[in-house]
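We did not get these values from a lab; they are worked out from the coordinates using the rules stated. Treat the numbers as computed from the prediction; the structure is a model and nothing was measured. So basically every Cβ, Gly included, is an ideal-geometry build from the backbone, and we count neighbours across all protein chains shown.
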Amino acid sequence: MVSSYSLNSANCQISEKYGPVFTVHLGFQRVVVVTGYEAVKDALLNTADVFVDRPAIPIFYHIQHGNEKVHAEIEQVLGPDRLPAFEDRKKMPFTNAVIHEVQRFVTLLPHVPRCTSADIHFKGYFIPKGTMVIPLLTSVLLDKTQWETPDEFNPNHFLDADGNFVKKKAFLPFSTGRRNCIGESLATMELFIFFTGLIQKFTFKPPPGVKESELDTTAEAGFTMRPHPQCVCAVLRQQALN
């Protein structure tokens with residue numbers, strides 16, 4: 001099985017050879033792929049009127065991560081009992097950075113196809129009206145010109161030298177432009193509250209007899225980055241200390 005990560009890495013490698021805009025064929029469907037921060041930004045923001053339609057596409061899907069440094073920050077700000085509120089995010093830069101880095105490093109939705117509403121000359125490339133276009137969000141989230149260590153999980157991507165949270169312009173897991181995800185604000189709030197609440201109360205471990213290194217963390221290929229189903233034990237932190 002080929003992972004979604006491998007497929008998206010292959011698209012990034014193709015763009016290095018042929019440029020930020022290239023054509024592939026999905027069966028009989030001609031598809032234009034747009035890669036890299038500058039090209040995706042130009043398509044979804046600067047020429048948003050043209051890259052605004054959506055082709056007919058079936059269904060979508062979801063994810064998580066955490067460590068003791070996150071829990072230490074949660075303990076410092078919330079203590080063991082107070083439930084998190086979205087306003088707490090400003091006081092928890094490392095937790096916020098981890099959540100953002102999860103979304104950057106494991107792109108659940110690597111691309112959301114668009115459809116051109118008119119003929120356009122884009123980056124020296126003629127794209128006819130009605131062409132499916134794929135702005136490859138993975139290429140932005142793994143762009144070597146935008147991230148210090150794009151192929152590594154590194155929450156410091158979102159922290160300055162003083163440990164303050166810094167949001168990056170190339171952080172586009174919800175896409176951008178006129179067709180970006182309308183649920184971004186709600187999803188951001190829910191993700192912070194659920195993630196923080198779970199890490200506050202539980203540690204997550206493999207089942208008895210299974211080592212962490214034995215968990216299959218590769219994603220299944222598909223329209224989304226879908227993790228393999230597997231068993232994980234959520235242990236109350238008080239029990240974990242006993």
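A few remarks follow.
- Sequence of ARG226, ARG178, ARG89 once ranked by neighbouring C-beta atoms within 10 Å, starting from the fewest: ARG178, ARG226, ARG89
- Ordering HIS228, HIS157, HIS71 by the number of other Cβ atoms within 10 Å of each residue's own Cβ, fewest first, gives HIS228, HIS71, HIS157.
- For LYS90, a cut-off of 30 angstrom between C-alpha atoms picks up these lysines, skipping any fewer than 8 places away in its own chain: LYS41, LYS69, LYS144, LYS167, LYS168, LYS169, LYS201, LYS205.
- Exposure proxy order (Cβ contacts within 10 Å, fewest to most) of GLU16, GLU212, GLU101: GLU212, GLU16, GLU101
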